[in-house]
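Data block below; observations after.
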Amino acid sequence: MFKLGLKPSIVTFNTLINGLCKRGNLVEAVNCFDKMVALGYQPNVQTYNVIVNCLSKMGKFTVAFDLLEKMVERGCEPNVVTYSSIIDSLCKYGLLKGALHLFSRIRSKGILPDVVTYTSLIQCLCYSDQWGKASMLFNEMLDLNISPDVNTFSILVDEFGKEGMVDKARSMVGTIIQRGMEPDVITYNSLIDGCCLDRQMHQARNILNVMMRKGCDPNVRTYSILIHWYCKWRMMDEAEQLLDEMLCRGLTPNNYTYNALIRGGSNEVF
């Protein structure tokens with residue numbers, strides 16, 4: 001473009017920087033950013049968001065926060081996408097305290113968090129066994145008319161199942177459907193796991209049938225969960241039947257699947 005005398009737009013640079021970041025070429029992305037500024041272009045919030053997101057995903061939070069300060073100095077205010085990308089990465093790195101601190105900071109600035117922000121925090125709180133705080137954030141979402149997505153509900157279904165609250169998990173799936181959304185395979189897997197944990201194997205098998213009727217194809221994890229619990233509860237015939245069904249559907253068992261069968265078979269022998 002330069003050789004032909006054409007002048008790239010800010011969108012051109014943003015697209016190039018985004019592509020470099022997606023490939024993990026952060027150094028080249030920053031060089032492109034610096035060249036853009038040197039040529040007299042003013043980076044916009046989308047430009048900064050791409051680099052902040054890349055830095056955060058790589059765990060370079062100090063650099064990401066420094067870039068936030070530079071954004072403000074240059075008259076470009078960070079938006080909810082900027083902050084949400086950092087919060088999401090902080091949560092994925094297990095840095096819950098930092099994520100909650102940043103969450104408080106953006107609210108004090110009058111920026112309304114979005115579904116991504118809340119979902120990231122709710123998931124991290126659940127993983128940290130802080131179910132009470134996760135529940136408070138979920139209710140806060142609803143009070144602010146921020147609609148949870150399937151991912152948000154799936155996290156809660158998983159948590160209810162792990163806590164032995166299968167009826168609440170099932171009710172949550174019903175809420176997903178009432179809101180006009182379709183549960184995905186992750187949601188169904190969590191519900192199946194919760195039923196199995198509660199020894200509701202017949203109900204778990206019914207859920208497998210329901211998800212297939214609704215056009216949601218079970219994956220290796222779906223079958224592996226059921227096979228694991230059938231083996232644990234000494235129901236080897238059912239486990240072997242599911243293995244056959246799994247193979248007929250063209251799914252390849254993994255180590256988790258085979259380990260469950262080996263343990264179950266050992267229990268039968270000894």
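The values are calculated or read from the model by the stated rules, or taken from the named source; none is laboratory data. What you see is a predicted model, and the numbers here were worked out from it, not measured in a lab. Glycine also receives a Cβ, built like all others from the backbone with ideal geometry; neighbour counts cover every protein chain displayed. The accessibility values were calculated without ligands, DNA or RNA, using every heavy atom of the protein model including side chains. Shrake-Rupley method; radii C 1.70, N 1.55, O 1.52, S 1.80 Å.
Taking the options Val157, Val185, name whichever one is crowded, with 21+ Cβ neighbours inside 10 Å and either over 25 Å from Arg234 (Cα atoms) or of a type in the set (Phe, Trp, Tyr) (or both). Working first, answer last.
Values: Val185 fails: crowded, with 21+ Cβ neighbours inside 10 Å.
Answer to the selection: Val157.
Given the conditions (1) surrounded by 14 or more Cβ atoms within 10 Å (Cβ to Cβ); (2) outside any helix (DSSP H, G or I), and given that Arg199 satisfies all but one, which numbered condition is not satisfied?
Here Arg199 meets the rest and fails (1).
Quick check on region 98-116: of everything there that is assigned to a helix (DSSP H, G or I) and hydrophobic (A, V, I, L, M, F, W, C), which residue is farthest from the chain's Cα centre (by Cα)? Talk me through it step by step, then tell me what you get.
We begin by selecting, within region 98-116, every residue assigned to a helix (DSSP H, G or I); these are 98-108, 115-116.
Checking which are hydrophobic (A, V, I, L, M, F, W, C) leaves us with 99-100, 102-103, 106, 115-116.
Numbers: Ala99: 15, Leu100: 17, Leu102: 19, Phe103: 18, Ile106: 21, Val115: 12, Val116: 9 Å.
The qualifying residue farthest from the chain's Cα centre (by Cα) is Ile106.
Would you mind stating whether Pro148 is closer than 26 Å to Leu226 by Cβ, open to solvent by less than 20 Å² (accessible area, probe 1.4 Å) and part of a loop (DSSP other than H, G, I, E, B)? Quick ask: steps written out before the conclusion?
Values: closer than 26 Å to Leu226 by Cβ: no; open to solvent by less than 20 Å² (accessible area, probe 1.4 Å): yes; part of a loop (DSSP other than H, G, I, E, B): yes.
For Pro148, the condition - closer than 26 Å to Leu226 by Cβ, open to solvent by less than 20 Å² (accessible area, probe 1.4 Å) and part of a loop (DSSP other than H, G, I, E, B) - is not met.
Among the residues of region 93-108, what is the count of those that are open to solvent by 20 Å² or more (accessible area, probe 1.4 Å), out of contact with any Pro (no Cβ under 9 Å at 6 or more places or on another chain) and free of Cβ contacts under 8 Å to residues at least 24 places away in the same chain?
6
Mind checking which residues of region 24-50 are β-branched (Val, Ile, Thr) and open to solvent by less than 10 Å² (accessible area, probe 1.4 Å)? It would help to see each step written out before you state the result.
Quick first cut of region 24-50, residues β-branched (Val, Ile, Thr) only: 27, 30, 37, 45, 47, 50.
Thr47 - this is the single residue of region 24-50 that is β-branched (Val, Ile, Thr) and open to solvent by less than 10 Å² (accessible area, probe 1.4 Å).
Mind checking which residues of region 56-77 are under 16 Å from His101 (Cα atoms) and either in contact with an Asp or Glu (Cβ under 9 Å, 6 or more places away or on another chain) or crowded, with 21+ Cβ neighbours inside 10 Å (or both)?
Ser56, Ala64
Hey, can you tell me all the residues within region 34-60 that are under 23 Å from Leu112 (Cβ atoms) and either under 21 Å from the mean Cα position of the chain (by Cα) or not in a helix (DSSP H, G or I) (or both)? Break it down stepwise before answering.
Going residue by residue through region 34-60, those that are under 23 Å from Leu112 (Cβ atoms) are 44-50, 52-53, 56.
Of everything in region 34-60, those that are under 23 Å from Leu112 (Cβ atoms) and either under 21 Å from the mean Cα position of the chain (by Cα) or not in a helix (DSSP H, G or I) (or both) turn out to be Asn44, Asn49, Val50, Val52, Asn53, Ser56.
Suppose we keep only residues that are among the polar types (S, T, N, Q) and touching a residue at least 24 places away in the same chain (Cβ under 8 Å) within region 1-23. Which one would you say is nearest to Asn44 (Cα to Cα)?
First, pick out the residues of region 1-23 that are among the polar types (S, T, N, Q): 9, 12, 14-15, 18.
Imposing the further condition that a residue be touching a residue at least 24 places away in the same chain (Cβ under 8 Å) reduces the set to 14, 18.
Values: Asn14: 9, Asn18: 13 Å.
The extreme case among them is Asn14.
List every residue pair whose Cβ atoms lie under 7 Å apart, where the two residues are 6 or more positions apart in sequence or sit on different chains, the first residue falls within region 232-256 and is open to solvent by 100 Å² or more (accessible area, probe 1.4 Å), and the second residue, located anywhere, is modelled with pLDDT of 95 or more.
Cβ pairs passing all conditions: Thr252/Val220.
Yes or no: region 77-97 includes at least one residue that is of a type in the set (A, V, I, L, M, F, W, C) and more than 19 Å from the chain's Cα centre (by Cα).
If we filter region 77-97 for residues that are of a type in the set (A, V, I, L, M, F, W, C), which is where we start, we get 80-81, 86-87, 90-91, 95-96.
This time we only want the ones that are more than 19 Å from the chain's Cα centre (by Cα), so: none.
No, the conditions are met nowhere in region 77-97.
When both residues are 6+ apart or on different chains and their Cβ atoms are under 7 Å apart, which pairs have a first residue that lies in region 120-143 and is part of a helix (DSSP H, G or I), and a second that is of a type in the set (Ser, Thr, Tyr)?
Qualifying pairs under 7 Å: Ile122/Thr152; Leu137/Tyr118; Met141/Tyr118.
Restrict the check to region 170-179 and report whether at least one residue is open to solvent by 70 Å² or more (accessible area, probe 1.4 Å), part of a helix (DSSP H, G or I) and under 22 Å from Asn254 (Cα atoms).
no
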